Amino acid sequence: MWISSMAYELTEEQRAFARSVRRFAEKHLAQGALKRAHDPAFPFDAARLMGQNGFLGITLPERDGGQGGTPFDAIIAIDEVAQVCPRSADVIQAGNFGPIRTFAEYATEEQKQRFLPGLLAGDMAISLCMSEPEAGSAATELKTQGEFDGEEIVVNGTKVFSTHSPDASVFLVYVRFGPGIRGIGAVLVERDARGLELGSPSSFMNGEQWCQLYFNKCRVSKKNLLLGPGGFKNLISGFNVERLGNSARALALGKFAFKMARQHALIRRQFGRELCEFQGIQWKFADMATKLEAAELLLYRAAHSKDADGLPDGYSTAMAKMACNEAGHFAANESMQVMGATGFSQESLAEYCVRRTRGWMIAGGSIEILKNRIAENVFERRFSQRSGT
Ligand SMILES: Cc1cc2nc3c(=O)[nH]c(=O)nc-3n(C[C@H](O)[C@H](O)[C@H](O)COP(=O)(O)OP(=O)(O)OC[C@H]3O[C@@H](n4cnc5c(N)ncnc54)[C@H](O)[C@@H]3O)c2cc1C
């Protein structure tokens, strides 16, 4: 049967890695999977275990304390972990694809020494702060200011929706040093920085929590500068890597729900027959399997793509994210339907997969923004989204 990453030829080494991650997950993460799914806090228990087993920093160079692997290796890890504990796949994301990846790409040696050991050990979380009340999809309209003042940078502004913000020790904050896209860069702000205040946590529909971040004459050392003015292009390249992890989780949770529903359809009897004997149910599985496999191929292609800087290219990544977000959410939702009230119940994890996959259609580049990006390749033109341009 499909559904074990066989749509694409894995090397023997990759298969061995997948088996070792699965063994680890079954041993350490199977128990507590439901509890973790309903706990809004970052699962530091899983993160520490993964740190000890080398699953954080898979994509980071060995000189930085990583494993020197590829994004594809980390995608394999996300899939294998998610098939046992869907929530723990967030830890693989955080340790390989999220702001840690942008950080490791552009940080100074001193910054790496300060933050990477804690992040790679699973003792610390880092949160990406790009979105603002007035700057969502139009990220370049961000207003949070960074101003150089002697040996310090003064940050003023507000950030919203940042994943892991209630638990993070350090924030990677997009700031504006000057006008236009060229004025954008990024600074690292530690949780206890003077002038940083965290609002009370709000909850997304998927159960995740986030805090509004208020920077009020927040002062950090110039040593915390990650990217100065002109850094936006680098930040967005880092974001393409983030999108691979987002796609991988959406796909993995769709697959997880699919497998659960398949098992249910083989056993559950109504009208004197197993559910899988009804054509209406069979067709759901045919649709789910086709969409999931197609999305998986696009994800694998994107993971192997490279732009001029050697990072995953924007077009393949946008297409993979759109396909994985849609297929993952479709499969989770249909699986929940197949499982009836059992799937809709909070004891099944099917409803959790529906909620989680829904959020990724908005986060990290919404489906609509991805379509805009794909259309630019189709027409070989850039289309400004701004009025009057
Ligand atoms: C689960 C989750 C996690 C997140 N994590 C983070 C995080 O860690 N850090 C962070 O900084 N932010 C985070 N975000 C915020 C996320 O980046 C934004 O929600 C996203 O960029 C969209 O911005 P918005 O919500 O303000 O919607 P808006 O930009 O206001 O858009 C509203 C709707 O209009 C559509 N739209 C907007 N512009 C266009 C256009 N040009 N063409 C067609 N349609 C358009 C959008 O697709 C959307 O459907 C997260 C969001 C979610 C849901």
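The values are calculated or read from the model by the stated rules, or taken from the named source; none is laboratory data. Keep in mind the model is a prediction, meaning the values are calculated, not measured. Neighbour counts run over all protein chains shown; Cβ positions are idealised from the backbone, glycine included. What goes into the accessible areas is simple: the full protein's heavy atoms, side chains included, and nothing from ligands, DNA or RNA. Shrake-Rupley method; radii C 1.70, N 1.55, O 1.52, S 1.80 Å.
Annotations for the structure displayed:
- Taken over the Cα atoms of the chain, the convex hull encloses 143 Å³ per residue.
- With every protein chain in place, segment 269-340: carbon and sulfur % of accessible area (1.4 Å): 54 percent
- Accessible surface of segment 1-95, 1.4 Å probe: 50 percent of it comes from carbon and sulfur atoms.
- Simple label model, 7 Å out from Cα along Cβ direction - Thr342 to His38, nm: 1.8 nm
- Restricting the trypsin sites (Lys or Arg not before Pro) of segment 310-389 to loop positions (DSSP other than H, G, I, E, B) with no more than 14 neighbouring Cβ atoms within 10 Å leaves Arg381, Arg382, Arg386.
- Checking every one of the GluC sites (Glu not before Pro) in segment 225-316 against DSSP loop status and a limit of 12 other Cβ atoms within 10 Å picks out no site at all.
- Once all protein chains are placed together, Asp309 keeps about 90 Å² accessible to a 1.4 angstrom probe.
- Solvent-accessible area per residue in the chain equals 45 Å², computed with a 1.4 angstrom probe and all protein chains kept.
- DSSP-loop GluC sites (Glu not before Pro) across segment 131-202, with at most 14 other Cβ within 10 angstrom: Glu134, Glu151
- Gaussian network model of the chain, Cα within-10 Å springs - most flexible of Asn377, Asn96, Asn206: Asn377
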